[in-house]
Structures are given as structure tokens and as C-alpha cells.
């Protein structure tokens, strides 16, 4: 066996493992203490790494915060797209869009604090922050394309697909922001999620009686 050729993948896997550990720890600490009250030392201690190790991955707290937000948002988008890809039915696709986002946030409440809690202004002009904005725009464009396909199939009512995205994502954001204020999802989150799904379907479907 050629150990020299096998070593680089192992090193890459180890680096990725450390990166994920650091991001997980950062998510927990930022969610608990907020950006301004968190130090790099706090995050390194939570991850059980030396502070110097953390700085080898992220040159500053701002870079770490933006990197965390970028990573978590990309993961949510990936889950949404994965679920939607499992169906050709526009109605089930819309259900998947909402369910995947709610379920992702519910599994990791730190995402809610990062998305909707204390926001960090420093570094908002960085290239990585611009990439987050690009992810957001591309995701909404992808959602709008899905609504447009549903319209072509005669399932969704005519209208600007971008407005559909704004309306549905706006309602979803309001629900998630309420979670943050309540320190977590309420006991009837499934009921809330299902209400949002059915409300959205009935609002844009040509034949609302087919949504159930």
C-alpha cells in the first residue's frame, strides 16, 4: 500500500473534523452569549482546542461568525433541495420547502440565534458576507423557479413567483423569530408548521381542494 498517497486524504479529513468541531462549538457559544460577549478563547475552550488552533482556521472572531453563518445556511439550503428533489409534485415540493427549513432549525436551535438573534455588523462588507448574500439570493431564485414550474403545470395561480417566495419565506421567518423570543419552539410546532404549509398551498393553488 502506498501510504504517501493515502496520507493527504487523512489529513484533509482530520482538518475537516476539526473545522466542524470548531463551528459546532462556535454555534453553541454565540447562541448562548451573543457575538459581542463571546471571545475566541471561549470558543476554543468549548471545542477543547488551543486558541492558536482556532486562529489557524479563522483569523478573527468576525471571520468565524460569518463562516459559521455561511456553513449553517448552506446546510439548510442543501436539505431543502434534497427533499424537493424527491418529488415531482409541486404541492409536495412546497410542503418540503417549508418542512425542511422548520425541521433544520428545530434540530439545531443555535441556528435560530445565529440567523435571528444578535447580529454582527463588523465584517458585513467582507467577501464571505457577500457570499452569504449570494447564497440567499440564489436560494430565493431557485424557489421562484419552482413556483414558476408549478404555474406552468397549472397547479399554482398566475402571479410573480418572486412575490410568492417573499410572502411564504416572510411568514416562515416570522414563525422562527417567534421561536427566538420564546427561547425555542413551542409544543405545538407541528401544528404551526402544518398550518403554514396548508395556508400557503390554499393561497396559491388553482384548486385549493386538491391540497389535502
Within region 39-62, is there a residue that is under 30 Å from residue 98 (Cβ atoms) and in contact with a helix residue (DSSP H, G or I) (Cβ under 7 Å, 6 or more places away or on another chain)?
no
Just for region 150-169: of the residues that are touching a strand residue (DSSP E or B) at 6+ places or on another chain (Cβ under 9 Å) and assigned to a loop (DSSP other than H, G, I, E, B), which one is farthest from residue 84 (Cα to Cα)?
157
For the structure I just gave you, tell me whether residue 78 is closer than 24 Å to residue 180 by Cβ, under 24 Å from the mean Cα position of the chain (by Cα) and either surrounded by 13 or more Cβ atoms within 10 Å (Cβ to Cβ) or not assigned by TED's automatic domain parsing to the domain that holds residue 135 (or both).
no
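The values are calculated or read from the model by the stated rules, or taken from the named source; none is laboratory data. Keep in mind that this is a model prediction, so the values were computed, not measured. Because the Cβ atoms are built from the backbone with ideal geometry, glycine has one as well, and the counts that use them run over all protein chains shown.
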